[in-house]
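Asks: Below you will find the structure I want to go over with you.
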Amino acid sequence: MKLRDPLHEIEIFERNPPGVTFGWGVVFSDLTVDNITANDPTSAKIITEEFAHWDDIDVHFRGETITSGGHGFIGIGRKRLLEILCDRARELGVALHFEAECHPADPKWRSYDLVIASDGANSRFRDADPQAFGVDIDVRANKFVWLGTSKVFDAFTFAFEETEHGWIWAHAYRFAADCSTFIVECSEETWRSFGFDKMTQEESIAACEALFGKYLDGHELQSNATHLVGSAAWLNFRRIKCERWTSGNVILLGDAAHTAHFSIGSGTKLALEDAIKLADVLNRKGLSLEAALDEYQAERNLEVLKLQNSARNSTEWFETLERYTHFEPLQFAYSLLTRSQRISHENLRLRDREWLEGVERWFWKRATAGKSNKTAPPMFAPFKLREMEVQNRVVVSPMDMYSAVDGTPNDFHFVHYGERALGGAGLVFTEMTCVSPEGRISPGCTGMWNADQVAAWKRIVDFVHANSKAKICLQLGHSGAKGSTKLGWEEDNAPLSDGNWPVMAPSDVRWSPVNQVPNPMTRADMDEVRDQFVAAVRMGLEAGFDMIELHAAHGYLLSAFITPLQNKRTDEYGGSLENRLRYPLEVFAAMRAAWPSDKPMSVRISATDWAGENGITPEDAVEIGEAFAREGADLIDVSAGQTWAGQQPVYGRMFQTPFSDRVRNEGKLATMAVGNIYEPDHANSILAAGRADLVALARPHLVDPFWTLRAAAQLDYRDVHVPPQYLNGMSQLARNLKREAEAAAALRV
Ligand SMILES: Cc1cc2nc3c(=O)[nH]c(=O)nc-3n(C[C@H](O)[C@H](O)[C@H](O)COP(=O)(O)OP(=O)(O)OC[C@H]3O[C@@H](n4cnc5c(N)ncnc54)[C@H](O)[C@@H]3O)c2cc1C
Ligand SMILES: Cc1cc2nc3c(=O)[nH]c(=O)nc-3n(C[C@H](O)[C@H](O)[C@H](O)COP(=O)(O)O)c2cc1C
């Protein structure tokens, strides 16, 4: 403010004496430094001169140290940063009042034009009227303690230790020539089991020194949280969000308004950037105070939400650490580095090519049982399910084309599926193919209940096998209460204008007020539908399919049995999850018995109803996946939602992948991830981090059947199968893309 207009009168009130602060060092990215430089080159110069700089991250796990480089961190002590900023403020004429405890109720605040409450995560000014600010606080599960040490770490260090009480780990980094931050974290269960809850601060520190002794080389751990006694030195991170940042003449800034988990080290950056933006808008000519504060909140809140999103992924990774501790050290480190989804596969290649290529070699070795030592993108590695081997990990996700007549696929389907198989994906799924005329979603859905359909599908399957290396999987389903509706592009889930047929479901719960009330299924109905699924499996075999998927997601018949939002039965098929799964499992088991044992089967599930605890949760999804696996499912196709009309999904890049990650790594099952995966980089990051075994793309394949071949050209991967007719185009595309990339790189230089 003073830099922009020296006439501003600014006063700062701080409860601590000068030079006293809680915590140790903070880390910044280069971008934050650029922001500070643009705002005040004088402060930035001093700060950058004093930065500790390092590139490597060391991950210590199960006796191995995995080092990756190129991460470019800079760190500085909190105390030193405050000193630099205080000196500069003083020099510019800001009045600093130390040891000045502030109380929101004090009438003196009314005489100020603006009171900037940057009083930290425990902000009194915010908590004096939480409703006015719309405060939302999420207390996270793990315990952590923020310590310091004179041991100088050369790399940003993550040290994971397995103990009889569970896993405990440290995040350590140097922030000055002779000082490092050392944060110890563990689950609450481990914390209690260690007895940290009953220890004094000194005892806790001694216990941590003993635990991490091998990393400390005889240096001590220290705390400067002298105001916290006993176990209170251990905190639970509190994620703070505020709907409104202004009330009266008070405006929130920094941790008072929002926090981002320390594992992504961005809280100080956010606070500094808030301050820069606030000063900008307050000094913009012609902008009223109200408009200035609105702009401040709107722009900063967007940045904060993006960061909080990444921070949530990172927080959850540490909270669910044991999901990944069965990984080999290299994959564990990769998973750690990509945990927030902000750092991707190609991003890691830019940081440390050699290390990333090591990960790729490791991936290929595992994918080929040691036969290949290739350094190539994970998406092109083969994958085996029973005796079926797919040439790569890209899958054309099932997509209803609503273009069949009487359930029989036609020339549209022939071209559509044929073209997608030529496009290079390892596995092509059919759309949901219905087991009976009444089991269709719309009159345009394909079916598998008569000989004409078998013949039409066989023509497609034969083409795929003769002209591509793709495998083809038949997805079988029954629409349940979502049946008898219009074509997808007409009106989603709306009943037909005329010619509706009666629909059945587990209970008489209709999809929406405009849909029919379904007939609750009798046991005789259940027998009939199960037998229809089995008959369709036999026809699928006759048509030559490589694989069968049971569609038990998205609110259709079998999914409706699984979700408590649609299944209100009081017999042995309703109530507990075990009961709700009984019929879908019975159908699956009967299908499995009819399908050859050397051929694989998958199940598509909705891993959440997006209805909180009232519906299926990701935790249930693990149980559901395990239950199908016990019946012989080789792959769980992890989709989400569409199980009730009121769902509240949280969309974003790769938004359903965390569910696949959970089912795969908690259930120890093979999974396929789907949902807004659209770049080769997404696919490679998901696969290398062990979040799925296959990646399915739906909409990207609608507009680009050749998505896989394009990705191969982009990544300069030569071993993909290209139909000979198209070889010429492929090499031309690869050359052009390479030339473009080189030109772009030259421009950056
Ligand atoms: C373990 C841990 C590690 C972290 N590591 C990093 C990192 O590496 N990089 C990073 O960018 N961020 C990191 N952070 C986050 C960072 O510390 C905060 O986001 C940042 O300090 C927020 O700045 P602030 O000015 O909003 O609040 P604070 O730094 O909390 O400052 C608030 C100030 O207000 C004073 N105060 C509060 N109430 C009153 C009152 N009533 N009267 C007078 N004075 C008062 C306090 O004494 C304090 O000086 C970490 C946080 C934790 C917990
Ligand atoms: C036009 C269209 C039709 C779909 N039909 C089906 C289907 O028949 N069976 C199914 O399981 N999912 C179906 N889906 C869902 C997709 O398989 C996929 O899960 C979803 O679109 C998210 O992936 P995306 O972001 O890559 O599109 C359909 C999606 C689209 C866009």
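The values are calculated or read from the model by the stated rules, or taken from the named source; none is laboratory data. Quantities reported herein were computed from a predicted structural model and do not represent experimental measurements. All Cβ positions, even for glycine, are placed from backbone atoms using ideal geometry, and neighbour counts span all protein chains on display. Accessible surface is based on the protein model in full, side chains and every heavy atom, while ligands, DNA and RNA are left aside. Shrake-Rupley method; radii C 1.70, N 1.55, O 1.52, S 1.80 Å.
Asks: Taking 0.36 nm per residue of separation and subtracting the Cα-Cα distance, what length does fully extending Arg62 through Glu303 add?
Replies: Working: separation 241, 0.36 × 241 = 86.76 nm, distance 3.68 nm.
Contour length minus the Cα-Cα distance gives 83.1 nm.
Asks: Calculate the length of the line joining the C-alpha centroid of segment 652-704 to that of segment 612-634, in whole Å.
Replies: So the two Cα centres are separated by 17 Å.
Asks: With the cut-off at 1.5 for a/c, could you classify segment 131-249 from its C-alpha gyration tensor as rounded, prolate or oblate? Intermediate values should be presented prior to the final figure.
Replies: Working: a/c = 2.13, a/b = 1.58, b/c = 1.35.
Cα axes put segment 131-249 in the prolate bin.
Asks: Let me ask something additional. Against the empirical 2.2 N^0.38 Å scaling, what ratio does the C-alpha Rg of segment 518-637 come to?
Replies: Values: Rg = 14.1 Å, N = 120, 2.2 N^0.38 = 13.6 Å.
Against the compact-globule rule of thumb, the ratio is 1.04.
Asks: May I ask you to give the solvent-accessible area per residue for segment 318-439, in square angstrom, as obtained with a 1.4 angstrom probe? Please report the intermediate quantities before stating the final value.
Replies: Values: 4290 Å² over 122 residues.
Using a 1.4 Å probe on heavy atoms only, each residue of segment 318-439 averages 35 Å².
Asks: Taking Cα atoms, how many degrees apart are the long axis of helix 289-319 and the longest axis of the chain, rounded to 10 and kept between 0 and 90?
Replies: 70 degrees
Asks: Follow-up. Which order do peptides 459-472, 626-639 fall in by mean Cβ count within 10 Å, highest first?
Replies: Values: 459-472: 19.1, 626-639: 22.8.
Ranking, from highest mean packing down: 626-639, 459-472.
Asks: Over the chain, what relative contact order in percent results from Cα pairs under 8 Å that are six or more residues apart?
Replies: Values: 1483 pairs, mean separation 67.3, N = 749.
Normalised by residue count, the contact order of the chain is 9 percent.
Asks: At 222 nm, what value in deg cm²/dmol follows for the chain if DSSP H runs of at least 4 each add -39500 (n - 2.57) and the sum is divided by all its residues, to the nearest 500? Could the numbers behind the result be given before it?
Replies: Details: 24 runs with 284 residues, N = 749.
So the calculated ellipticity at 222 nm is -11500 deg cm²/dmol.
Asks: Of Lys306/Lys486; Lys365/Lys469; Lys79/Lys277; Lys371/Lys599; Lys241/Lys568; Lys458/Lys599, which sit over 27 Å apart, Cα to Cα?
Replies: On the way: Lys306/Lys486 37 Å; Lys365/Lys469 21 Å; Lys79/Lys277 24 Å; Lys371/Lys599 23 Å; Lys241/Lys568 37 Å; Lys458/Lys599 17 Å.
Long pairs (Cα-Cα over 27 Å): Lys306/Lys486; Lys241/Lys568.
Asks: Okay, moving on. Over all directions, how big on average is the projection of the convex hull of the alpha-carbon atoms in segment 1-66, in square nanometres?
Replies: Numbers: hull surface 29.9 nm².
Here the figure is 7.5 nm², rounded to one decimal.
Asks: A further question on this structure: If the label point is 7 Å along Cα→Cβ of Trp489, which residues in segment 392-413 have backbone nitrogen under 19 Å from it?
Replies: 397-413
Asks: OK, next. Give the residue from Pro723, Trp511, Met654 lying farthest towards the positive end of the charge dipole for the chain; charges sit on Cβ (+1 for Lys and Arg, -1 for Asp and Glu) and the dipole is referred to the Cα centre.
Replies: With unit charges placed on the Cβ atoms, the residue in question is Pro723.
Asks: Place +1 on the Cβ of every Lys and Arg and -1 on the Cβ of every Asp and Glu in the chain, take the dipole about the Cα centre, and give the residue among Ser597, Leu3, Ala456 whose Cα lies farthest towards its positive end.
Replies: Ala456
Asks: Further question on the same structure: In whole Å, largest first, what are the principal axis extents of the Cα atoms in segment 478-569?
Replies: 41, 33, 22
Asks: Of Asp411, Asp498, which has the most accessible area with a 1.4 Å probe, and how do the rest follow in descending order? Mind dumping the intermediate values first?
Replies: Working: Asp411 100, Asp498 120 Å².
From most exposed to least exposed: Asp498, Asp411.
Asks: Over segment 126-185, what per residue volume does the convex hull of the Cα atoms give, in whole Å³? Present the calculation step by step, with values, prior to reporting the outcome.
Replies: Numbers: hull volume 8.0 nm³, N = 60.
Cα convex hull per residue, to the nearest whole number: 134 Å³.
Asks: Could you work out the Rg to Rh ratio of segment 309-381, with Rh taken as the Kirkwood radius (inverse of the mean 1/r over all Cα pairs)? Walk me through the numbers on the way to the answer.
Replies: Details: Rg = 13.1 Å, Rh = 13.1 Å.
Result for segment 309-381 is an Rg/Rh of 1.00.
Asks: With a 1.4 Å probe and every protein chain left in place, tell me how much accessible area His103 has, in Å² to the nearest 10.
Replies: Counting only protein heavy atoms, His103 exposes about 100 Å² to solvent.
Asks: How big is the chain on each of its three principal axes, counting only the C-alpha atoms and giving the largest first in Å?
Replies: 87, 59, 56
Asks: Taking only Cα atoms, what is the 0 to 90° angle, nearest 10, from helix 353-367's long axis to the longest principal axis of the chain?
Replies: With both axes taken from Cα atoms, the answer is about 30 degrees.
Asks: Now a separate question. Give me the accessible area of Trp449, 1.4 Å probe, in Å² rounded to the nearest 10.
Replies: 60 Å²
Asks: Between Asp294 and Gln648, what is the spin-label point distance in nm, taking each point 7 Å from the Cα along the Cα→C-beta axis?
Replies: 2.6 nm
Asks: Work out the length of the dipole vector of segment 674-749 about its Cα centre, built from +1 on the beta-carbon of each Lys and Arg and -1 on the beta-carbon of each Asp and Glu, and round it to the nearest 20 debye.
Replies: Numbers: 8 positive and 8 negative charges, 29 e Å.
Around 140 debye, computed over segment 674-749.
Asks: Further, regarding this structure: I need the shape label for segment 588-694. Rule: rounded when a/c is under 1.5, else prolate if a/b > b/c, else oblate, with a, b, c from the alpha carbon gyration tensor. Let's see the in-between values first.
Replies: Values: a/c = 1.97, a/b = 1.23, b/c = 1.61.
Because a/c hits 1.5 or more and a/b fails to exceed b/c, segment 588-694 counts as oblate.
Asks: Then there's this: Check cross-link reach from Lys198 to the lysines: straight Cα distance under 21 Å, and skip same-chain residues fewer than eight apart.
Replies: Those lysines meeting the cut-off are Lys143.
Asks: How far is the Cα center of segment 271-311 from the Cα center of segment 412-472, in Å?
Replies: Here the answer is 52 Å between Cα centres.
Asks: With angles folded into 0 to 90 degrees, how steeply does helix 523-543 sit against the dominant principal axis of the chain? Use alpha carbons for both and round to 10.
Replies: Relative to the chain, helix 523-543 is tipped by roughly 80 degrees.
Asks: As an exercise, take the mean of 1/r over every pair of distinct alpha carbons in segment 219-299, invert it, and state the Kirkwood radius in angstroms.
Replies: Numbers: mean 1/r = 0.0664 Å⁻¹.
By the Kirkwood definition, the hydrodynamic radius is 15.1 Å.
Asks: Under 1.5 on a/c is rounded, so check that first for segment 78-161, then, if it is not, pick prolate when a/b is larger than b/c and oblate when it is not; a ≥ b ≥ c are the square roots of the alpha carbon gyration tensor eigenvalues.
Replies: Working: a/c = 3.23, a/b = 1.36, b/c = 2.38.
Cα axes put segment 78-161 in the oblate bin.
Asks: How many angstrom separate the Cα center of segment 81-118 from the Cα center of segment 493-521?
Replies: 64 Å
Asks: Rank-order 266-275, 416-425, 696-705 by packing density, defined as the average count of other C-beta atoms within 10 Å over each peptide's residues, highest first. If you can, show how the numbers build up before the last one.
Replies: Details: 266-275: 21.3, 416-425: 23.5, 696-705: 17.9.
So the peptides 266-275, 416-425, 696-705, ranked by packing, come out 416-425, 266-275, 696-705.
Asks: Taking the Cα centre of segment 510-628 as origin, sum charge times position over the Cβ atoms of Lys and Arg (+1) and Asp and Glu (-1), and report the length of that vector in debye to the nearest 20. Walk me through the numbers on the way to the answer.
Replies: Details: 11 positive and 18 negative charges, 63 e Å.
So the dipole magnitude of segment 510-628 works out to roughly 300 debye.
Asks: What are the extents of the Cα atoms of segment 336-460 along their three principal axes, in Å, largest first?
Replies: Rounded to whole Å, the extents work out to 56, 33, 23 Å.
Asks: Can you list the HN-Hα couplings for segment 592-599, worked out from phi with the Karplus curve (6.51, -1.76, 1.60; θ = phi - 60°), rounded to whole Hz and with x for Gly and Pro?
Replies: These are the phi-based 3J(HN,Hα) values: 4, 5, 8, 9, x, 6, 8, 9 Hz.
Asks: Let me spell out the model: positive unit charges on the Cβ of Lys and Arg, negative unit charges on the Cβ of Asp and Glu, origin at the Cα centre of the chain. What dipole size does that give, in debye rounded to 20? It would help to have the intermediate numbers written out before the result.
Replies: Values: 78 positive and 104 negative charges, 266 e Å.
So the dipole magnitude of the chain works out to roughly 1280 debye.
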